[in-house]
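Colleague: Here you go, one structure.
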Amino acid sequence: MLRWETHLHQLRDYILLFLLLSFSLILINLNSNPQVRWLHGFSLNLIGNLQNTMHFWGKVRQLENENDELRSRVADLTYKNSLMQEAYLSNIRLRNLLKYKKSSSFKLVTAVVIGQNYHGFSHALLINSGKKQGLEEKLPVLSSDGLVGKIALIGSHYAVVQPLDDVNFRVSAMIQRNRVVGIFTPGKSGKYFLNYVPIQSNVKKGDVVVTSGYSNVFPKGIKIGVVTQVGAAKNKLFKKIEVTPGVQTERVENVFVVLKKAR
Amino acid sequence: MTNFGLLILFLFFFVLQLFFIPLLEIKGIKPDLLLVFVILVGLQRERFWGTLVGFFVGLLQDLFCTGFLGVFTIAKTISGFLVRAFSEKSVNNGVLNFGGIVFAIGLIHNFLVDWISAWGTHVSILIMLFRFVIPGAFYTAVLAMIVYELLPKNVFRQYEYESR
């Protein structure tokens, strides 16, 4: 009996490892389960609140600094010029945002990017709008420069956006000029590709790539980027088309989320 | 180090990982302070506790991160289990020894996280290794060595010795 217990004691580490790994694998399979997503969303709200507070205090400190700078501007004409230039650029950016929102046929909700998370090939953006602002999972996220990504996870006041450069991001896209369809994916080392375009298709450098609308997630015609290189894929069946996205996801600050119902 | 001391250390590392470590990010690579904590516990305590703590720390990290739930749980559980394979006795064998253990475990941990995250995609294993896994493990090991130098040395003493 004692020998059996000793044996079991030696085995307990392996039994524990087996049980915990089994639980972890079940957890990975339950990622789309509503209860698990609720729990993830709840913890996301907690972290969102903390990050928002830090963002807020960061802004307050930024405003204090700006105030000091404005005071010293009176004495420092050079600095005044640089500040004016900054204000001018900011004005252009906000005007573009406003113009885009007014001209868009979509019903849009604005949001601010309050956090980013990189891990390996994975990238996610945290925005300060959630279910309370009418957002849902899988809604497209845009900026005035084009497609940013889609909502991957939602909390009551925050949401996680899966951006274009996340390794698992895919979107059906087409060449705006001649409607040639392919799949837009991020590639290795920061490059992006329009895949599965037949070799005989007419695609040129400078062609604009937009969403094709062949999915329930992204509406048709949202700009993704511009073709920068065209070649043949290794299998000679498809073209190798390199695309430069309109949006640099690591620099985006303000985004729009497209609600399902159009205006 | 007592259980209470470890809890305080964990809370400190957790806050740092959430709010300070993202500022140290270089080209998508950031160190993992929570992995350093799991390794610390794995070296101080029996393998059973290293595995268990690895599981719960990974689960918590998953809940507060934006990726798939369960990825860090698996990686940290295995890391906690494997720590003793790299050092049967005390961790208090010098900063390079500790950094080496963190680097070795970090390689396994990062490989698991990136491999599971990129499952089903066309990402090459070699690119994954050289772009993220090895630099990430190296960055974590460097941070671990800084932590080793900053923390009092009794933190790294095995619990069994202290409790005698």
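Colleague: With a point put 7 Å past each Cα toward its Cβ, work out how far A:Glu136 is from A:Lys234 in nm, to one decimal.
Modeller: Distance between label points: 4.1 nm.
Colleague: Where the only charges are on Cβ atoms (+1 Lys, Arg; -1 Asp, Glu), what is the dipole of the protein assembly as shown about its Cα centre, to the nearest 20 debye?
Modeller: 1840
Colleague: Sticking with this one: Positive end of the dipole of the protein assembly as shown, charges at C-beta (+1 Lys, Arg; -1 Asp, Glu), about the Cα centre: which of A:Val258, B:Asn110, A:Leu237 has its Cα farthest in that direction?
Modeller: Farthest along the dipole direction, towards plus: A:Leu237.
Colleague: Let a ≥ b ≥ c be the square roots of the eigenvalues of the Cα gyration tensor of chain A; is it rounded (a/c under 1.5), or, if not, prolate (a/b larger than b/c) or oblate?
Modeller: Since a/c reaches 1.5 but b/c is at least a/b, the shape of chain A is classed as oblate.
Colleague: Next question, about the same structure. Between chains A and B, what is the buried accessible area in Å², counting both sides, with a 1.4 Å probe and ligands, DNA and RNA left out, to the nearest 100?
Modeller: 3600
Colleague: Hey, another quick one. So, with +1 on the Cβ of K and R and -1 on the Cβ of D and E, and no other charges, what is the size of the charge dipole of chain B about its Cα centre, to the nearest 20 debye?
Modeller: That gives chain B a dipole magnitude of about 160 debye.
Colleague: Which value, in Å² and to the nearest 10, is the accessible area of B:Ile108 when all protein chains are kept and the probe is 1.4 Å?
Modeller: About 60 Å², ignoring ligands and nucleic acids.
Colleague: Beyond a 30 Å Cα-Cα separation, which of these cross-linked pairs lie in this structure: A:Lys205/A:Lys236; A:Lys138/A:Lys236; A:Lys150/A:Lys240; A:Lys220/A:Lys240; A:Lys107/A:Lys204; A:Lys205/A:Lys234?
Modeller: With Cα atoms farther than 30 Å apart: A:Lys138/A:Lys236; A:Lys107/A:Lys204.
Colleague: Follow-up. Anyone know which of B:Leu59, B:Leu151, B:Leu107 comes out most mobile in the 10 Å Cα GNM of chain B?
Modeller: Highest fluctuation of the listed residues: B:Leu151.
Colleague: Averaged across the residues of A:158-171, what count of C-beta atoms belonging to other chains lies within 10 Å of each residue's C-beta?
Modeller: Per residue, the number of nearby Cβ atoms from other chains is 2 on average.
Colleague: Please give the length that would be gained between A:Tyr214 and A:Val36 if that part of the chain were fully extended, namely 0.36 nm times their separation in residues minus their C-alpha to C-alpha distance (nm, one decimal).
Modeller: Working: separation 178, 0.36 × 178 = 64.08 nm, distance 2.95 nm.
Length difference between fully extended and current span is 61.1 nm.
Colleague: Could you state the angle between the C-alpha long axis of helix B:33-44 and the longest principal axis of the C-alpha atoms of chain B, as a value from 0 to 90 degrees rounded to the nearest 10?
Modeller: 40
Colleague: Shifting gears a bit: For peptide A:25-32, how many partner chain Cβ atoms fall within 10 Å of a residue's Cβ, on average? The partial results should precede the final answer.
Modeller: On the way: counts 4, 1, 8, 9, 2, 2, 5, 0.
Whole-number average of other-chain Cβ neighbours for A:25-32 is 4.
Colleague: Residue by residue, what Karplus-based ³J(HN,Hα) values in Hz, rounded to whole numbers, does region A:137-149 have, using 6.51, -1.76 and 1.60 with θ = phi - 60° and x for Gly and Pro?
Modeller: 5, 6, 6, x, 10, 10, 10, 5, 8, x, 5, 9, x
Colleague: Round to the nearest 0.05 the FRET efficiency obtained for A:Asn202 and B:Leu23 when R0 = 41 Å and r is the Cβ-Cβ distance. List each step's numbers first, then the result.
Modeller: Values: r = 47 Å, r/R0 = 1.15.
Once the sixth-power term is evaluated, E becomes 0.30.
Colleague: Which of the GluC sites (Glu not before Pro) found in region A:149-255 are in a DSSP loop and have at most 16 neighbouring Cβ atoms, other than their own, within 10 Å? Please list the in-between numbers first.
Modeller: On the way: sites: A:Glu242, A:Glu250, A:Glu253; in loops: A:Glu250, A:Glu253.
Here the sparse-neighbourhood loop sites are A:Glu250, A:Glu253.
Colleague: In addition: Please label the shape of chain B as rounded, prolate or oblate, based on the square roots a ≥ b ≥ c of the eigenvalues of the alpha-carbon gyration tensor (a/c under 1.5 means rounded; beyond that, a/b larger than b/c means prolate, else oblate).
Modeller: Prolate.
Colleague: Sort A:143-151, B:18-26, B:33-41 by packing, meaning the average of other beta carbons within 10 Å per residue, with the highest value first.
Modeller: B:33-41, A:143-151, B:18-26
Colleague: Once you put a point 7 Å from the Cα of B:Val95 and another 7 Å from the Cα of A:Glu5, both along the Cβ direction, what distance in nm separates them?
Modeller: Using points 7 Å along Cα→Cβ, the separation is 4.7 nm.
Colleague: For labels at B:Thr2 and B:Ile146 in the simple 7 Å Cα→Cβ model, what's the distance in nm?
Modeller: 3.0
Colleague: In what order, largest first, do A:His123, A:His9, B:His122 sit by accessible area if the probe radius is 1.4 Å? It would help to have the intermediate numbers written out before the result.
Modeller: Details: A:His123 10, A:His9 110, B:His122 145 Å².
Largest accessible area first, the list is B:His122, A:His9, A:His123.
Colleague: Please give the Cα centre distance for region A:120-137 versus region A:162-219, rounded to the nearest Å.
Modeller: Here the two parts' Cα centres lie 22 Å apart.
Colleague: Can I ask one more? Connecting C-alpha atoms closer than 10 Å in a GNM of chain A, tell me which of A:Val252, A:Val60, A:Val141 has the biggest fluctuation.
Modeller: A:Val60
Colleague: On average, how many beta carbons from a partner chain sit within 10 Å of the beta carbon of a residue in B:68-78?
Modeller: Mean partner shielding for this stretch: 6.
Colleague: While we're looking at this one, here's another question. Grab the Cα-Cα distance for A:Ser22 and A:Lys191, subtract it from 0.36 nm times how many residues apart they are, and report the gain in nm with one decimal.
Modeller: Details: separation 169, 0.36 × 169 = 60.84 nm, distance 3.65 nm.
Here the segment from A:Ser22 to A:Lys191 would lengthen by 57.2 nm.
Colleague: Using alpha carbons only, how many degrees (0 to 90, rounded to 10) separate the axis of helix B:134-150 from the longest principal axis of chain B?
Modeller: Value to nearest ten degrees: 20.
Colleague: Write down the accessible area per residue of the protein assembly as shown in Å², having rolled a 1.4 Å probe over the full set of protein chains.
Modeller: So the protein assembly as shown comes to 53 Å² accessible per residue, rounded to a whole number.
The values are calculated or read from the model by the stated rules, or taken from the named source; none is laboratory data. Computed from a prediction, not measured in an experiment: that's the story for all the values here. Neighbour counts run over all protein chains shown; Cβ positions are idealised from the backbone, glycine included. Accessible surface is based on the protein model in full, side chains and every heavy atom, while ligands, DNA and RNA are left aside. Shrake-Rupley method; radii C 1.70, N 1.55, O 1.52, S 1.80 Å.
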